[in-house]
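For reference, the structure is listed below as structure tokens.
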Amino acid sequence: MEKYKITEDIKTFGVRVKTFPTGIGEAFDKLNKELEKGMNRAWYGISWMDDKGNVIYYANSAELFPGEADKYEYETLVIEKGDYYSEGVKNWRSNLECIKDVFHDMMESGKTDSRKPCIEWYKSDDEMLCLIKAV
């Protein structure tokens, strides 16, 4: 686990995956088809547990310019600036089952704030970064 600093808030927008975890791929595919083509986008999975222990998961993209989210009428979430702990996952498409374990281990470390969302930053088709805000 390494420290990672996000220097400014990241406004994201997208869709809630109501059939988590099975609907994640479809949600990202839907967003990718509907958003402006040719733009180099940052993609995020943002999740947390509700009061009943259910995972709330959003498939989101970073806003490329102020007000972009308003064009699409999707829900918005902000990834807060600050210090995070991170863990990289290589070949994430082939290792989907291990992602929950990575976040579990990060939360068990005592270094992360379990009240804050888990962030999956899809840096490429091969590399993903798991992030949780530091305490």
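Mind checking which of 88, 67, 23 has the largest fluctuation in a GNM of the chain, springs on alpha carbons under 10 Å?
Taking springs between Cα atoms under 10 Å, the residue moving most is 67.
Enumerate the calculated ³J(HN,Hα) couplings along region 58-72 in order (Karplus 6.51 cos²θ - 1.76 cosθ + 1.60, θ = phi - 60°), each rounded to whole Hz, writing x wherever the residue is Gly or Pro.
Once θ is set to phi - 60°, the couplings for region 58-72 become 10, 9, 9, 10, 6, 5, 7, 8, x, x, 4, 4, 5, 4, 9 Hz.
In terms of modelled amide H atoms, which long-range or inter-chain residues lie less than 5 Å from the amide H of residue 42?
HN-HN under 5 Å from residue 42: 62.
Using a Cα-Cα cut-off of under 16 Å, which lysines could be cross-linked to residue 33, ignoring same-chain neighbours fewer than 8 residues away?
71
How large is ³J(HN,Hα) for each residue in region 2-10, as worked out from phi by the Karplus curve 6.51 cos²θ - 1.76 cosθ + 1.60 (θ = phi - 60°), to whole Hz, x for Gly and Pro?
Ordered by residue, 3J(HN,Hα) equals 10, 6, 9, 10, 9, 7, 8, 4, 10 Hz.
Taking θ = phi - 60°, what integer Hz values does the Karplus form 6.51 cos²θ - 1.76 cosθ + 1.60 yield along region 122-135, in sequence order, with x for Gly and Pro?
For region 122-135, the Karplus curve yields 7, 6, 7, 5, 10, 10, 10, 10, 8, 10, 9, 4, 6, 7 Hz.
Determine the gain in length on full extension of the stretch residue 32-residue 64; use 0.36 nm per residue of separation and subtract their C-alpha separation, reporting nm with one decimal.
Fully extending the segment from residue 32 to residue 64 adds 10.1 nm.
Can you list residues from other chains, or at least 5 along the same chain, whose modelled amide H is less than 5 Å from the amide H of residue 123?
Amide H neighbours of residue 123, under 5 Å, 5+ apart: 128, 129.
If amide H atoms are built 1.01 Å from N in the plane of the peptide, which residues on other chains or at least 5 residues away come under 5 Å of the amide H of residue 134?
83, 84, 85, 113
On a straight-distance basis, which aspartates and glutamates could pair with residue 100 in a cross-link, Cα separation under 20 angstrom, same-chain partners fewer than 8 positions away excluded?
The reachable aspartates and glutamates, counting only those whose Cα sits under 20 Å from residue 100, are 2, 26, 50, 51, 87, 108, 113, 120, 125, 126, 127.
Is there a pair in 90/123; 18/81; 5/116 whose C-alpha atoms are over 18 Å apart, and which pairs would that be?
Details: 90/123 10 Å; 18/81 27 Å; 5/116 15 Å.
In this structure, 18/81 lie more than 18 Å apart at Cα.
Over the chain, what relative contact order in percent results from Cα pairs under 8 Å that are six or more residues apart?
31
Values quoted throughout were computed directly from the atomic coordinates according to the rules given, and no laboratory measurement underlies them. As the structure is a prediction and not an experimental result, all values here were calculated from the model.
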